Structures are given as C-alpha cells and as structure tokens.
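Here the structure comes first, spelled out in structure tokens, and everything after it is commentary.
The values are calculated or read from the model by the stated rules, or taken from the named source; none is laboratory data. What you see is a predicted model, and the numbers here were worked out from it, not measured in a lab. Cβ placement follows ideal geometry from the backbone for every residue including glycine, while neighbour counts extend to all protein chains displayed.
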Amino acid sequence: MRPIHVMKGASALFVPALLVPVMAHAQEAPPPDPPNVTSAPVSASDVPPPEPPPEPKARGFLSLEGGYAFESLYGVPMTSADLSAAVGAQFGNFAVGGILEGMPGSTQDGLQTMAMTLGVLFESRFDRLRIGEGLRFGAFNVSRVTTNGGLFSLSAGAFGRVSYDVVDLDDAHTQAIFFIVKGSIDTVDAALFGVSGGLGVRF
C-alpha cells in the first residue's frame, strides 16, 4: 500500500508546480494604451491652391485688336489706325490661324491711304507673353490730289508681333486682354515699313 501514498504525494507537488506559471501569467499587467496623438490644426495658408482645369488638346480662338500705326513709303511718313482680327486654333503653347488687317490713314501732306492684308499667323506662348510671325498678301492705295482714283498696288510682306496678357478672362489663361506691338515690311513697288502698338482681346 505504500506506493499509492507516494503517487498521491507526487501529484500533490506536480499540480501546484503547473499552476504557478499559469497564475503568474494571468497576473501580468495589461499592455499600456497607445499614446493619444492629436494632429495640429491646418491653417488656410497650408492648403495648396486648386490647380487650374487642364487645357484641351486644341481649342479655337478669336482675337480682336486695335491700335495706332506709323508707316513709311519712299521716305514719306504716314500714320493710320491699325484694326485687325485673327481666328484660329490653339494647340497647347502653339497657335496657328488667319489674320485680316485694315489700316486707314494719311500721309503728312493729308493724302488718304488705305491698306488691307490677309495672312497666316504662327504664334508661341510663354506664360503671359506671346510671340508671333507670319506672311501676308493685300493691297495698298494712296489717293491723288488733283484727279480721281489713287495709286493702287498689290502688296506682299511679312510681319512679327509680341503681345502680353494684362488681364486674364478665364482660369486657363487663354482668354485675355492684352497689349501688343507689331512690325511689318511689305512690297508696294517699294518697301513699306510699319510699326504699331495697341490693345486687343482674345476669346
């Protein structure tokens, strides 16, 4: 009967030995709560401005311009109004179109002059600055003093222009009121030089 008492004594020692680590694990402190992180308030100056809407691949434009011109033919100075209209298409930072220009004026002696041209315009955009050039054909007339009619001649020439947008009319910076300076040279039996400056609006 002694072996039975030995087994009972061994069980009494083994069971508490198993319960000690279990109770110790149960009594361990729970992990600490994560720190409460609060984000700093965002001010209006930290918010980036909204981006302008993307430009379409191609869009049409209409430009109307008016200004004052100085011209010279055979060394005779002339002044005139410079009225023009351009219509075409804008492809990103490049534009191409047609331009019609009329320049009614007079010589320093009071003879009436009139020039009409039709040409093609190529223009590049650099932010608010636009630089263009083109070729044109037309007609030029100077009235006579003593007889009816005038000195009429066909013309062909080239021109250059620089404009700067001073007031934007849309978020895409394509429609604007702009200041423009132009220069040209045409053949009217002799070289006809011209420079002009004015304002325009682009739609």
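If you go through the stretch 181-203 and keep only what is in contact with a Lys or Arg (Cβ under 6 Å, 6 or more places away or on another chain) and not charged (D, E, K, R), you end up with just 196. Out of 88, 75, one residue alone is surrounded by fewer than 17 Cβ atoms within 10 Å (Cβ to Cβ) and out of contact with any Asp or Glu (no Cβ under 8 Å at 6 or more places or on another chain). It is 75. Just wondering, is there one or more residues in the stretch 93-115 that are surrounded by fewer than 14 Cβ atoms within 10 Å (Cβ to Cβ) and either more than 24 Å from residue 77 (Cα to Cα) or in contact (Cβ under 8 Å) with a residue 60 or more places away in the chain (or both)? Yes, the conditions are met somewhere in the stretch 93-115. For beta carbons closer than 7 Å, sequence separation of 6+ or different chains, a first residue in the stretch 53-65 that is of a type in the set (Phe, Trp, Tyr) and a second that is assigned to a strand (DSSP E or B) and at pLDDT below 95, the qualifying pairs are 61/90. Looking across the stretch 142-169, the residues that are surrounded by 13 or more Cβ atoms within 10 Å (Cβ to Cβ), assigned to a strand (DSSP E or B) and modelled with pLDDT under 95 come down to 142, 143, 150, 151, 153, 168.
Scanning the stretch 106-127 for residues that are acidic (Asp, Glu) and assigned to a strand (DSSP E or B) returns a single hit, 123. Taken over the stretch 160-203, the criterion of being of a type in the set (D, E, K, R) and closer than 14 Å to residue 123 by Cβ is satisfied by 161, 165, 182, 202. In the stretch 170-181, the residues that are surrounded by fewer than 14 Cβ atoms within 10 Å (Cβ to Cβ) reach residues that are part of a strand (DSSP E or B) with C-beta atoms within less than 7 angstrom, at least six apart or across chains, in these pairs: 177/166; 177/167; 177/199; 177/201. Candidates are the residues of the stretch 80-118 that are under 29 Å from the mean Cα position of the chain (by Cα) and hydroxyl-bearing (Ser, Thr, Tyr); the one that is nearest to residue 172 (Cα to Cα) is 84.
Return yes or no: is residue 69 in contact (Cβ under 8 Å) with a residue 40 or more places away in the chain and aliphatic (A, V, I, L, M)? So residue 69 passes the test.
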